[in-house]
Amino acid sequence: MTTAAAFKKPPKKEEPKLTAVLILDVFDQRFAPIHDSFPCFGTLPICNVPAVNFCLSWLMRTEVKSVMLVVSRLNEKHAQSVRNEWKLAFEELTVVAVDGATSVGDCMREVHNRELITADFMLITNPTSVVSTTLAPQIAEFRKRRRENPDNVMTMVYSNRENPEHFVIGVSSETSKLMLYPAANSLNQLKAEKRDFYEGVDIRRDLTHTGIAFCSRLIATQFSDNFDFVGIDDVVREILSKDDILGMSVHVEVLPTKDRAFCAFDYESLILLNTLLLERWFYPVTPENSDPTRFFSANPRNCYLEEDGDEISIKANTWILNDQCSTVSLGQNATVSYDTVILNSSIGAHTDIAQNSRIVGSIIGANCKIGAGCQIQYAFIGDNVTIPAGTNIQKETIVGRGVVFPKDLPAIHNSAVLKSPINEEKYEKLTSQHIGSVHVAKFRHGGPFWRRAVDGKTFFGVDDEGCSDEEETSDDDDVDDTTRQFHDEVFESMQKTLESENQVMRNLILEINSSKLACNVTMDEVARNVFAAFLKLPHNQQLAPTKDLIKKWRDLFINYYISTPESLRKKTADQQRFEIELKKKCQIQMLLSIEDRTEKDPEFLTRVPHLVHFLFTEELAGEEAILEWHGSIDEEERAELKQKMQPIVDWLEEEEEDEEETDEEEE
Amino acid sequence: MHEMQGVLLCSGGGTRMPALTHDVQKCLLPIVGVPMFLYPLSSLLRAGITDIKIFVREVIQPILEKEVKKSKLLEKYPANLDYITVSQEDYGTADLLKNHQSKITRDALIVSCDFISDASLIPLVDFFRATNSTLVALIADTCVNAPAPGSKSKKPRASDVMGIVESTGQLVFLCGDDDFDAPILMENTLKTFPSIRLTSKYNDCHVYAVRHKALAQLSRSKHISSFKADFIPHLIEKQFESDSEVKCFAYRLPHENGYVTAHANTIGAYFEVNKAIQKSFARLMEYRGNGKTFNHKVDKISSHESRIEESAQVGKESIIKRSVILDNCRVGEKTKVKESIIARGVAIGNGASVTNSIVCEGAEIGENADITNCIVAKDQKVPAKSKLQNEVVDGVDDGWTDD
């Protein structure tokens, strides 16, 4: 029926403004060497302005009126000072301190647990994210998608820039839906299926994530449902791998080329961000108007001086006239002497630079002393560092707080120079060595501190590679490599757990889940391989110990094979049905892994009926799953197995009938 | 600048349209009464190619020669045709080219006999020269296609899946939809190209411009037998090697180039192109004339967008719409023929209705019969007053399916 009312505009409903959740810390051990100088990544100075100021400066221009600064408890005071400086710019600016946060995931879980998120929000996972626009078209697009389908849970913002890691994604050219996302251990490759061709998927590595995502509340729920999720990548992989189950989709919004965006994740990109900001690429976000409490003067040739009433002292000829210097930010009372060349760098407050030095593409902290005739190119130098005259610092070096740089330090690639040794318990990926008066830290896997990706490949820890070596030796059939790797990793984790004294199931589950994410295997494969690995344990060569261990590790099996009333209670009826169906499939996979085992170990066959019966009585395998599995056993090839299982099946069926009878009687 | 050599492949068997090709070679299947192969031949001639090799089975070579002569195409576009007879053993297209390599002496424009189009190939040749590429494949997103009559399936599926660098047209993956079975792992591809579009909207029209050098190398590779399944992927892979000189491009046929383009290797496409090509038929095949026209006021026959040959008879008060009626047909009074192909010598009784169907040579359709979405095979008779839908009338009991 068409009435006049149908043509009237619907009453305009004001959409609630997005809340921004800004995570102030970066959880990467790469930044351990500068932790003493800059404990909180958000307040790390870029152009002598705390990085997060740029972020808040553009946030202020967007529709966001309420910002949540999420920070680990240790850095709470930094967050508070940021809050005090910026609270007038927003209607609401709160600090959420998280105890013992070690990942973005931890932060999100805390935020979710405190029920701070009530509606759609903007998640900024990196405090150095800078964009030059208000993001209004992108936010509108996100809202439109949410209205069309509430399951469009997330829109990630990408910028047009070839990313150094050659991280590839597949995006549908028509709907902007994210279709393909690489596995955690191979960022450079994707598997394309037929439907991707039908969808018209663009496979691109000329895009870079800006660290900004518009999310529905469900994203926060995803983090808290999966306590092993570390970053937003894990959520994306989860959503994509369970596309058919969760029915959620992630979209990608690419900023037009006229809008600039950037975010830094290693030293190389920090230096680049520093240069880009000094060159005013992100106008109106510029160094001189991004700090509400300090005054910077902007001068020709992109020179910025911090002023506090006292003039900056300039020795000899004013260096501003020295046209060899450009694109520089100088902190308060920094002194620079004649004939020094500084390009694309930031110099901290009270730092003194003697004559004839050459500084290119570096960030130098406060209160440093740099002698005459030094060569510093592409270095990151913390506070209170002394560099004696005539030192030539190796490119791409990181110098920690308070170091007196030894002139005769041998060149060591991919390292950081520190005053004190690395706390190896806290930073298990790093190691340090005492050389002369300083300590030199390196990554255990040998990769550089300076950049995350080398020649387009991201460096992964040694552990991953170790596994792949073993895998080659144990490869006996054509099973998918990743599945095999997953199986081996689970097996190893189980062995370790078995050897440990207090066999904590929670930890084992964590390990298995992280293997699952790393190898990008499906739920079915997980269910099958977890039990296969379990059966393979040397401990389980007899029936009795197996039974005991199943009882002891009950939590593990509950997690993967049955739906507990607690987990069901939270969900809607549809989801519940789904969950139950899913777990049934998992149980069938478990039984299939038993079937696989009989092939490799004929002796095992005799134990199968007992084991299956035991699983049934322990309620780990349901009646339906057992019957369905039994029906699927090949009568010719596995005749013996089928025969052996027959009595149990008969018994189950009888029982079912009995039950029905009793039901009828009750009625 | 030296000229290209044309290669016209007329040896294909037409395995995807068995219902039509059991007693006639695919290249001789009529499209609006003209053997199919004349269309690609005319495309080559119109592109200014004067040296054309035609691969053909020995038995039908004389027929081809006769048809070419009849068409008078060579009078308008003088060219040197060279027939190369092939034996049944030659298997794939690449095998053919390998075995007769000595005959091809320059860069070649290879055209399959089922490429029916009024588009000009000159821009493709220019593109081939400008990009200095090894291979250029003609792809089109406007290929006419439709569900074949007689089948129940709805929309035709995509026929090719490919990966293209959208900005340049460089080809990074090409595979027939049916041949694509396992997911492909993209790694080398992505190293070379930062952005790739995966798509299924284009059809590979089996028109390829290939460098002579690449063809010469063909003979050295033993396991290449099919052109599309082996040779093209081989060339595409070569692009990803470092310092490789090989470049494969796709020429995306612009919509303003030509009204009609079809790759008539399935019944659906064949059927549809028969109806669609009429717009430019008189221009392409001048020797056939304009066909019969009717004066509605005199005999109340209304014909729209149809081609009716001079020798066909049409009864009064008939309605003919978007159809082809070939020589010596007898169409009764008050019949309705819509969206159909009526082959030579077919008789349609008074008051019959034929919609979206193919009626093959010599068939008869009884009075007041109603046929929709059917194929009536050669010399079959449809009884009067019968009503058929989605069927293949071929005198054999078991139904024929699309796949």
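Points worth noting:
- Qualifying residue in the range A:250-270 (condition: more than 27 Å from the chain's Cα centre (by Cα), free of Cβ contacts under 8 Å to residues at least 60 places away in the same chain and outside any loop (DSSP other than H, G, I, E, B)): no
- Residues of the range A:63-109 that turn out to be over 24 Å from residue A:514 (Cβ atoms) and part of a helix (DSSP H, G or I), as a count: 17
- The set of residues from the range A:190-204 being open to solvent by 20 Å² or more (accessible area, probe 1.4 Å), within 24 Å of residue A:483 (Cβ to Cβ) and facing another protein chain (nearest Cβ under 9 Å) comprises A:191, A:193, A:194.
- The criterion of at least 2 residues that are more than 10 Å from chain A (Cβ to nearest Cβ) and surrounded by 18 or more Cβ atoms within 10 Å (Cβ to Cβ) is met, among helices (runs of 4 or more DSSP H) falling completely within the range B:164-258, by B:212-218, B:232-239.
- Residues that are in contact (Cβ under 8 Å) with a residue 24 or more places away in the chain and assigned to a helix (DSSP H, G or I), drawn from the range A:173-200: A:196, A:199
- Among residues that are among the hydrophobic types (A, V, I, L, M, F, W, C), farther than 16 Å from residue A:595 by Cα and surrounded by 17 or more Cβ atoms within 10 Å (Cβ to Cβ), residue A:518 is included.
- Beta carbons closer than 6 Å, at least 6 apart along the sequence or on distinct chains, pair a first residue in the range B:341-352 that is on the phi < 0 side of the Ramachandran plot with a second that is open to solvent by less than 20 Å² (accessible area, probe 1.4 Å) and among the polar types (S, T, N, Q) for B:341/B:274; B:348/B:335; B:352/B:335.
- Restricting attention to the range A:523-577, the residues being polar (S, T, N, Q), free of Cβ contacts under 8 Å to residues at least 60 places away in the same chain and in a helix (DSSP H, G or I) number 6.
- Of A:187, A:207, A:218, all but one fail to be more than 14 Å from chain B (Cβ to nearest Cβ) and either within 23 Å of residue A:524 (Cα to Cα) or in contact with a strand residue (DSSP E or B) (Cβ under 6 Å, 6 or more places away or on another chain) (or both); the exception is A:218.
- The range B:113-133, residues that are open to solvent by 20 Å² or more (accessible area, probe 1.4 Å) and either touching a strand residue (DSSP E or B) at 6+ places or on another chain (Cβ under 9 Å) or basic (Lys, Arg) (or both): B:123, B:127, B:129, B:131
- Flag if residue A:115 is in the same structural domain as residue A:240 (by the TED database), among the charged types (D, E, K, R) and part of a loop (DSSP other than H, G, I, E, B): yes
- Residue A:170 meets the conditions (1) assigned to a loop (DSSP other than H, G, I, E, B); (2) within 14 Å of chain B (Cβ to nearest Cβ) in every case but one. The failed one is (1).
- Near pairs, Cβ below 9 angstrom, 6+ apart or cross-chain, from the range B:304-317 (in contact (Cβ under 8 Å) with a residue 60 or more places away in the chain and under 14 Å from residue B:281 (Cβ atoms)) to any residue that is among the aromatic types (Phe, Trp, Tyr) and crowded, with 17+ Cβ neighbours inside 10 Å: B:307/B:281
- In the condition set (1) surrounded by fewer than 22 Cβ atoms within 10 Å (Cβ to Cβ); (2) within 26 Å of residue A:101 (Cα to Cα); (3) in contact (Cβ under 8 Å) with a residue 60 or more places away in the chain, residue A:396 is compliant with all but (2).
- Boolean, residue B:54 is in contact with a Leu (Cβ under 9 Å, 6 or more places away or on another chain) and either under 23 Å from residue B:78 (Cβ atoms) or surrounded by fewer than 19 Cβ atoms within 10 Å (Cβ to Cβ) (or both): yes
- Filter result for residue A:420 (buried (at least 17 other Cβ atoms within 10 Å of the Cβ), modelled with pLDDT of 85 or more and over 24 Å from the mean Cα position of the chain (by Cα)): no
- Test set (1) modelled with pLDDT of 85 or more; (2) more than 17 Å from residue A:396 (Cα to Cα) - residue A:344 fails condition number: (2)
- Checking each residue in the range A:133-167 for being within 13 Å of chain B (Cβ to nearest Cβ) and outside any strand (DSSP E or B) picks out A:161, A:162, A:163, A:164, A:165, A:166, A:167.
- Filter result for residue A:109 (at pLDDT 90 or above and either out of contact with any Gly (no Cβ under 6 Å at 6 or more places or on another chain) or surrounded by fewer than 17 Cβ atoms within 10 Å (Cβ to Cβ) (or both)): yes
- Check on residue A:207, in contact (Cβ under 8 Å) with a residue 12 or more places away in the chain and out of contact with any Ser or Thr (no Cβ under 6 Å at 6 or more places or on another chain): yes
- Qualifying position, being surrounded by fewer than 16 Cβ atoms within 10 Å (Cβ to Cβ) and under 23 Å from residue B:228 (Cα atoms), among B:91, B:39: B:91
The values are calculated or read from the model by the stated rules, or taken from the named source; none is laboratory data. Being a predicted model, the structure only gives us computed values, none of them experimental. Ideal geometry is used to build each Cβ from the backbone, glycine not excepted, and the neighbour counts take in all protein chains shown. Accessible surface areas use protein heavy atoms only, side chains included; no ligands, DNA or RNA. Shrake-Rupley method; radii C 1.70, N 1.55, O 1.52, S 1.80 Å.
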